[in-house]
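Presented below is the structure to which this report refers.
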Amino acid sequence: LTERLKCEEDKLHSVGLTSEARVNELEDLIRQGEHERRKMHNIIQELRGNVRVFARIRPFLPGEKSTDSITPLGETSLRVSKPNNPEREYKFSFDRVFAPNEGQDAVFGEVSEFVQSALDGYNVCLFSYGQTGSGKTYTMQGTGSGQMGLIPRSIEQIGQYKSTLEADG
């Protein structure tokens with residue numbers, strides 16, 4: 001009986017070592033896969049262009065006179081015309097144009113890739129530019145009524161990433 005017990009202990013010990021080696025091997029594969037994901041994500045970012053310009057057309061606020069002076073022509077271009085001279089128009093192309101009816105989620109969907117690049121250790125800069133009242137603060141910060149802007153959504157994404165890393169050990 002003692003001999004049989006010793007034999008079973010040896011089997012369990014060898015199975016435990018084999019399992020531990022397999023776990024270590026799989027964890028290495030996960031690390032390699034994550035390294036490859038980061039590398040491919042940033043190659044894609046570079047191919048799309050390290051500098052991208054987006055245009056967001058602010059919707060008219062209540063009480064503002066509606067004009068068609070800025071019109072989206074698709075996802076990458078818009079037309080600007082003078083309200084008093086609509087025949088004279090200018091067309092501009094961007095990496096992405098957000099129409100007045102597109103929400104904060106659409107804008108963040110486009111820039112969340114930059115947040116991921118920052119989490120992967122790359123330098124990233126997002127800034128909002130425009131004249132007073134054009135919607136910069138709204139886009140970046142959002143409102144207190146549930147329309148989160150880019151900054152709170154980015155912080156939320158960072159928190160989710162942190163939780164994932166903690167769960168993975």
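The values are calculated or read from the model by the stated rules, or taken from the named source; none is laboratory data. Model, not experiment: these values are computed from the prediction. Counting neighbours? That spans all protein chains shown, and the Cβs are built from the backbone with ideal geometry, glycine included. Ligands, DNA and RNA are stripped out before the accessible areas are found, and what is left, the full protein with its side chains, is counted by its heavy atoms. Shrake-Rupley method; radii C 1.70, N 1.55, O 1.52, S 1.80 Å.
Inspect all residues belonging to region 108-120 and state whether any of them is open to solvent by 70 Å² or more (accessible area, probe 1.4 Å), under 30 Å from MET40 (Cα atoms) and not hydrophobic (A, V, I, L, M, F, W, C). Steps first, answer last, please.
Here is the first cut: in region 108-120, the ones open to solvent by 70 Å² or more (accessible area, probe 1.4 Å) are none.
Checked against the condition, which is being open to solvent by 70 Å² or more (accessible area, probe 1.4 Å), under 30 Å from MET40 (Cα atoms) and not hydrophobic (A, V, I, L, M, F, W, C), region 108-120 yields no hits at all.
Please go through region 121-135 and pick out each residue that is in contact with a Phe, Trp or Tyr (Cβ under 7 Å, 6 or more places away or on another chain) and either farther than 12 Å from PHE54 by Cβ or surrounded by fewer than 12 Cβ atoms within 10 Å (Cβ to Cβ) (or both). Steps first, answer last, please.
Here is the first cut: in region 121-135, the residues in contact with a Phe, Trp or Tyr (Cβ under 7 Å, 6 or more places away or on another chain) are 124, 126.
The answer is VAL124, and nothing else.
Being part of a helix (DSSP H, G or I), at pLDDT below 75 and not hydrophobic (A, V, I, L, M, F, W, C) is the filter here; which residues of region 21-60 pass it?
GLN45, ARG48
Yes/no matrix, rows are residues, columns are (1) of a type in the set (Gly, Ala, Ser); (2) assigned to a strand (DSSP E or B); (3) within 12 Å of the chain's Cα centre (by Cα):
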residue: ALA106; (1), (2), (3): yes, no, yes
residue: VAL111; (1), (2), (3): no, no, yes
residue: TYR138; (1), (2), (3): no, no, no
residue: ILE155; (1), (2), (3): no, no, yes
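When you go through SER81, SER134 one by one, which is the residue that is in contact (Cβ under 8 Å) with a residue 12 or more places away in the chain, assigned to a strand (DSSP E or B) and among the polar types (S, T, N, Q)?
Selected residue: SER81, the only one of SER81, SER134 that is in contact (Cβ under 8 Å) with a residue 12 or more places away in the chain, assigned to a strand (DSSP E or B) and among the polar types (S, T, N, Q).
So, PRO86, is that one assigned to a loop (DSSP other than H, G, I, E, B), open to solvent by less than 80 Å² (accessible area, probe 1.4 Å) and more than 30 Å from SER117 (Cα to Cα) or not?
Values: assigned to a loop (DSSP other than H, G, I, E, B): no; open to solvent by less than 80 Å² (accessible area, probe 1.4 Å): yes; more than 30 Å from SER117 (Cα to Cα): yes.
No; evaluated as a whole, the condition is false for this residue.
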